[in-house]
Amino acid sequence: MSPGPAIDVQGLNKSFGALHAVRDFGITVERGSICGFLGPNGAGKTTTLRMLCGLLTPDAGEGTVLGLDVIRQARQIKTRVGYMTQKFSLYEDLSIEQNLIFTARVHSLDRRRERVDAAITQLGLEARRRQLAGTLSGGWKQRLALAGSTLHEPDLLLLDEPTAGVDPEARRTFWDEIHALAADGMTVLVSTHYMDEAERCHEIAYIAGGRTLARGTAEAVIDQSGLITFHAVGQVEGIGADKLAVRLRGMPGVDMAAAFGTTLHVSGRDRRGLELAIAPYRKPGIAWTETRPTLEDVFIQLIADLEAEKRDAA
């Protein structure tokens, strides 16, 4: 295994015609870590993952993946990376076992039967090994896809929104497996829209508009945001969380106001402005509490900042 980070790239760019999908992207991911890759739809996450695993050639930029040049040694990178796509990509008319045997042959692996049996056991697929992939639920397809993408024992695993559309229990089981792989030394870069999953990563990178807007541990990203957040529970003069959120949106100092059931969530960077905005509603019937911002608060604010930047540049 080569020394240095698993991923160390700078200035990656990729365009498709007039669409500049990835702009000056850079990231460093240490070996054995789990890095969460977040961002809105169309942010360039999938394009970035495909460049990192050697499926797409960057238009510009430089760096290494597993010590190999990201542009000149893409073919070698492919053999050492596992890539799990958003869409289930194995054969639905083959069984779990047949899919994994086929995958082992594609990778020209030795000890094929031994590897397949080990993967089936590790991911709890034994009772379903002869079941057709097309008849599996989303959670079981997810396990099969993970088994297929790690069958060749890659040093780096890239996961593109792997838990979209599966139930919470299946998501938790999947993440237990990811942490087990990382504990054995595998590096994982995973894109996700779920904030609870982001918090399970060792660090996160938030990409939007084709570039990185925030990077670090979840705690560090929140601390660096400068956001102040208040929660309010209750109602006054017949105004509950839903109506109060509408009233507060757009007021000076209020960057975000949203109702979560009967709870109101208000955030902003201007403490004085924020406190002046909520002051009229600090009355009996509503309990206000200052609380720590969430990752969701931070990412909503980052997108708002990006949109404001675009308007100013127009």
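The values are calculated or read from the model by the stated rules, or taken from the named source; none is laboratory data. Computed from a predicted model, the values in this text were never measured in an experiment. Positions of Cβ are generated from backbone atoms using ideal geometry, with glycine treated the same way; all protein chains shown enter the neighbour counts.
Residue 245 meets the conditions (1) touching a residue at least 24 places away in the same chain (Cβ under 8 Å); (2) in contact with a Leu (Cβ under 7 Å, 6 or more places away or on another chain); (3) in a helix (DSSP H, G or I) in every case but one. The failed one is (1). Of the residues screened, residue 205 is one that is in contact with a Lys or Arg (Cβ under 6 Å, 6 or more places away or on another chain) and within 30 Å of residue 45 (Cβ to Cβ).
In this structure, does residue 248 turn out to be in contact with a strand residue (DSSP E or B) (Cβ under 7 Å, 6 or more places away or on another chain) and surrounded by 20 or more Cβ atoms within 10 Å (Cβ to Cβ)? Taking the combined requirement at face value, the residue satisfies it. Only a single item in (1) under 23 Å from residue 24 (Cα atoms); (2) out of contact with any helix residue (DSSP H, G or I) (no Cβ under 6 Å at 6 or more places or on another chain) is not met by residue 183, and it is number (1). Pairs meeting the criteria (first residue in the stretch 36-59 and under 14 Å from residue 156 (Cα atoms), second residue assigned to a helix (DSSP H, G or I) and not basic (Lys, Arg), beta carbons under 7 Å, at least 6 apart or on different chains) are 36/197; 36/198; 53/77; 54/74; 54/77.
Once the stretch 261-285 is narrowed to residues that are buried (at least 21 other Cβ atoms within 10 Å of the Cβ) and more than 26 Å from the chain's Cα centre (by Cα), the residue that is farthest from residue 230 (Cα to Cα) is 277. On inspection, residue 109 fails the criterion of being assigned to a loop (DSSP other than H, G, I, E, B) and closer than 19 Å to residue 189 by Cα.
Filtering 38, 90, 52, 66 for residues that are modelled with pLDDT under 95, farther than 30 Å from residue 129 by Cβ, surrounded by 19 or more Cβ atoms within 10 Å (Cβ to Cβ) and within 24 Å of the chain's Cα centre (by Cα) leaves a single hit, 38. Take the conditions (1) within 30 Å of residue 11 (Cα to Cα); (2) outside any helix (DSSP H, G or I); (3) at pLDDT 90 or above; residue 251 misses just one of them, which is (1).
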